[in-house]
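Reviewing the structure listed below.
The values are calculated or read from the model by the stated rules, or taken from the named source; none is laboratory data. This one's a predicted model, so the numbers in the text were calculated from it and none came from an experiment. Cβ: placed from backbone, ideal geometry, glycine included. Neighbour counts: every protein chain shown. Calculation scope for accessible area: heavy atoms of the full protein, side chains included, ligands and nucleic acids excluded. Shrake-Rupley method; radii C 1.70, N 1.55, O 1.52, S 1.80 Å.
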Amino acid sequence: MLTTRHMRDEKTGRAIKAIGRPGTDTGQHYFTANTWMSDSRHIVISADIDSAKTCAYVLFDTATGASRPLVDRAGWGSGVVSPDDRLYYIEGDTIRRVDLNTMETAAVCVHRPGCAFHGPLSVTNDGATIGVYWSEGERWIVGTVDIASGVISEAVAPAFAK
């Protein structure tokens, strides 16, 4: 699915390992979101990013070059890998989870009608809470999701200017 290319930066001479698929756009989640598993070997990559900013999530083994599809289509920049090796990502009004060791999937929470989550997500070091934000009409809300119960809590509703 994904390939690895090795090259050298012309200015610095540093070695670069590029992962992707020729002719497609490949990247990571949003730059503040962790994409590495706890083994520091496997990374979740956003593959086939399109003009609508959706992508496929793929688990890539940096030691062997093997890749494993995780999610067919999801929002680019909406995911995060937790310290306990779970990928959390947004699917509209739902936050979903993929256990990267067992490949089990589940919905963590579903928001009330009219609310849409936006990325990036963040997750606490103990893997118990997800930091989120969402829109409800013209209102923007920052809050949390308790992963075990799926309870969504509002923390603050700042008045962002358009």
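Of all residues in region 128-162 being among the β-branched types (V, I, T) and open to solvent by 30 Å² or more (accessible area, probe 1.4 Å), which is farthest from R97 (Cα to Cα)?
Here is the first cut: in region 128-162, the residues among the β-branched types (V, I, T) are 129-130, 132, 141-142, 144-145, 147, 151-152, 156.
This time we only want the ones that are open to solvent by 30 Å² or more (accessible area, probe 1.4 Å), so: 129, 142, 144, 151-152, 156.
Values: T129: 13, V142: 20, T144: 15, V151: 15, I152: 15, V156: 25 Å.
Across region 128-162, the extreme among qualifying residues is V156.
A residue that is of a type in the set (S, T, Y), under 9 Å from the mean Cα position of the chain (by Cα) and at pLDDT 95 or above occurs nowhere in region 30-37. Filter region 28-58 down to the residues that are in a strand (DSSP E or B) and open to solvent by 20 Å² or more (accessible area, probe 1.4 Å) and list them by number. Answer for region 28-58, where residues must be in a strand (DSSP E or B) and open to solvent by 20 Å² or more (accessible area, probe 1.4 Å): W36, H42, T54. Under the condition of being open to solvent by 70 Å² or more (accessible area, probe 1.4 Å) and small (G, A, S), which residue from region 13-27 is nearest to T3 (Cα to Cα)? Applying the filter and picking the extreme gives G23.
Condition (residue is closer than 24 Å to I19 by Cβ, among the β-branched types (V, I, T) and within 18 Å of the chain's Cα centre (by Cα)) applied to region 139-153: is it met by at least one residue? No - not one qualifying residue is present in region 139-153.
For region 106-119, the set of residues classified as closer than 21 Å to D85 by Cα, modelled with pLDDT of 95 or more and surrounded by 13 or more Cβ atoms within 10 Å (Cβ to Cβ) consists of V108, C109, listed by residue number. Annotation: of all residues in region 61-78 being surrounded by 18 or more Cβ atoms within 10 Å (Cβ to Cβ) and in contact with a Leu (Cβ under 6 Å, 6 or more places away or on another chain), the one that is farthest from T94 (Cα to Cα) is S67.
Kindly indicate whether N125 is open to solvent by 10 Å² or more (accessible area, probe 1.4 Å), touching a Lys or Arg at 6+ places or on another chain (Cβ under 9 Å) and of a type outside the set (G, A, S).
On the way: open to solvent by 10 Å² or more (accessible area, probe 1.4 Å): yes; touching a Lys or Arg at 6+ places or on another chain (Cβ under 9 Å): no; of a type outside the set (G, A, S): yes.
The answer is no for N125.
Would you say V81 is under 21 Å from D146 (Cα atoms) and surrounded by fewer than 17 Cβ atoms within 10 Å (Cβ to Cβ)? Spelling it out, it is not the case that V81 is under 21 Å from D146 (Cα atoms) and surrounded by fewer than 17 Cβ atoms within 10 Å (Cβ to Cβ).
Within region 1-27, restricting attention to residues that are of a type in the set (V, I, T) and not in a strand (DSSP E or B), which residue is nearest to P83 (Cα to Cα)? The selected residue is T26.
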